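Notes follow once the structure below has been shown.
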Amino acid sequence: MPQPKNPSPAHEIMKEIHELHDEKRNCTLERRAKFWAKLGGKEFELTPDNFHVALAQWLHNAGIIEKDRVKDASAALYCLGVTNSNNLFQKIQQGRLHDLGIGKNGRPNGNGKH
């Protein structure tokens, strides 16, 4: 990835997130708070009821999605269960989606109807 002459905070944060992800390092609560604070904003309500909306806006602030897609991303994140305590990954790991067609490994298992 080419390096801009004056990297933006979003660029620097995304670079760090990619490094964490690529190396499967722990994204500690301290790092999460730093990432959120740098691109979040004072108006964000980070609560389970509003988490999907705030996350979609954060993704826009990070340059990942266009402004006109924030509402779509928010709706999709809500439908997928991306909240603090009820996320899709957690439910998959608990085996709660096995009968719905997703195994504990996160891959389709032939059950369920899509």
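The values are calculated or read from the model by the stated rules, or taken from the named source; none is laboratory data. Quantities reported herein were computed from a predicted structural model and do not represent experimental measurements. Glycine gets a Cβ as well: all are built from the backbone with ideal geometry, and neighbour counts include every protein chain shown. To get the accessible areas, we keep the full protein, side chains included, count just its heavy atoms, and leave off ligands, DNA and RNA. Shrake-Rupley method; radii C 1.70, N 1.55, O 1.52, S 1.80 Å.
Is there a residue being assigned to a loop (DSSP other than H, G, I, E, B) and either in contact with a Pro (Cβ under 9 Å, 6 or more places away or on another chain) or surrounded by 11 or more Cβ atoms within 10 Å (Cβ to Cβ) (or both) anywhere in the stretch 32-42? Walk me through how you get there before you give the answer.
First pass over the stretch 32-42, keeping only residues assigned to a loop (DSSP other than H, G, I, E, B): 40-42.
Imposing the further condition that a residue be either in contact with a Pro (Cβ under 9 Å, 6 or more places away or on another chain) or surrounded by 11 or more Cβ atoms within 10 Å (Cβ to Cβ) (or both) reduces the set to 40-41.
Yes, some residue in the stretch 32-42 is assigned to a loop (DSSP other than H, G, I, E, B) and either in contact with a Pro (Cβ under 9 Å, 6 or more places away or on another chain) or surrounded by 11 or more Cβ atoms within 10 Å (Cβ to Cβ) (or both).
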Of everything in the stretch 1-25 that's surrounded by 10 or more Cβ atoms within 10 Å (Cβ to Cβ) and not in a helix (DSSP H, G or I), which residue is modelled with the highest pLDDT? 25
Evaluate the stretch 50-59: report whether one residue or more is buried (at least 17 other Cβ atoms within 10 Å of the Cβ), β-branched (Val, Ile, Thr), within 15 Å of the chain's Cα centre (by Cα) and not in a loop (DSSP other than H, G, I, E, B). yes
For residue 70, the lone unmet condition from (1) β-branched (Val, Ile, Thr); (2) open to solvent by 60 Å² or more (accessible area, probe 1.4 Å); (3) not in a loop (DSSP other than H, G, I, E, B) is (2)
Specify the residue that is modelled with the highest pLDDT; the eligible residues are those in the stretch 78-114 that are open to solvent by less than 60 Å² (accessible area, probe 1.4 Å) and in contact with a Phe, Trp or Tyr (Cβ under 8 Å, 6 or more places away or on another chain). 106
Against the definition (part of a loop (DSSP other than H, G, I, E, B) and free of Cβ contacts under 8 Å to residues at least 12 places away in the same chain), how does residue 81 come out, yes or no? yes
